[in-house]
1. Note down the net charge around L192, summing +1 for each Lys or Arg and -1 for each Asp or Glu among other residues with Cβ under 12 Å from its Cβ.
2. Kindly put H56, H188 in sequence by how many other C-beta atoms sit within 10 Å of each C-beta, fewest to most.
3. Quickly estimate the mean residue ellipticity at 222 nm for the chain, helices only: each DSSP H run with n ≥ 4 gives -39500 (n - 2.57), and the total goes over all residues, rounded to 500.
4. Order by neighbour count: R169, R156, fewest other Cβ atoms within 10 Å first, most last.
5. So how far apart, in nm, are the two label points at A148 and L184 if each is 7 Å from Cα heading toward Cβ?
6. Tabulate in residue order the Karplus-calculated ³J(HN,Hα) for region 78-90, using 6.51 cos²θ - 1.76 cosθ + 1.60 with θ = phi - 60°, rounded to whole Hz; enter x for Gly and Pro.
7. What order do you get for 59-65, 37-43, 80-86 when each peptide is scored by the mean count of other beta carbon atoms within 10 Å, highest first?
8. Normalising by the residue count of region 110-155, find the relative contact order in percent from Cα pairs under 8 Å and 6+ residues apart.
Amino acid sequence: MKDLYSLFRNSLAGLRLLVLMTLLVGLAYPLAVTGVAAVAAPWRANGSLVDAAGQHVTDRDDAVGSALIGQVTDDDGLFLPRPSAAGDGYDMLSTYGSNLGPLNPDLVASIEAAKAEVAEREGVPESDVPPDAVTASASGLDPDISPAYAAIQVARVAAAQGLSEDTVRDLVAEHTSGRTLGVLGEPHVNVLELNIAVLRAAD
């Protein structure tokens, strides 16, 4: 009987701790962090939304996309994102990479085929096609491309939009971000924000 009572007390103490930690870590902490973020960085806290004018907005009804998520397009007048292995492409509900190793024959074959396709579409030698033009990111949602991939798309976009290549090149430069804190990552171009700028320049 004493052992049963001791077991009951220990179980009750464990249950109390579970409820307390659930309230603290599962409810109070997320609400506090979300509240601080909403005040300190409302745009980022609401999903880094961008409207048709390229402005940062917090209202989803005004947004055309998120600066954090790549978007699929086949418009010759727009910059194309890198390939995506997430669902049918940039599907936030099934985010993942290809999970194929670098020596996997299927991956190697798909990269070679993609490289030939990109080179033909952009009118450049296959040696000028950068890796991010033919490989998906780990999440399949990467919103950015390398300056090198943007550079080989300039001529196509300029011709389709009726803009000079210098104008489009300047837009790429304006939307190229450097390494985070000067040392982390690589320079990158946000495709959504660049395409909005291209469409506005073509109006």
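Every number in this text was worked out from the coordinates using simple rules, so none of it is lab data. None of these values were measured; they are calculated from a predicted model. FYI the Cβ positions are ideal-geometry reconstructions off the backbone, even for glycines, and counts take in every protein chain you see.
1. Overall, the nearby charge balance is -4.
2. Least to most surrounded, the residues fall as H56, H188.
3. -14500 deg cm²/dmol
4. R169, R156
5. Modelled inter-label distance: 2.4 nm.
6. Karplus-based 3J(HN,Hα) across region 78-90 equals 10, 6, 8, x, 6, x, 10, 9, 8, x, 7, x, 6 Hz.
7. Highest mean packing first, the order is 80-86, 59-65, 37-43.
8. 38
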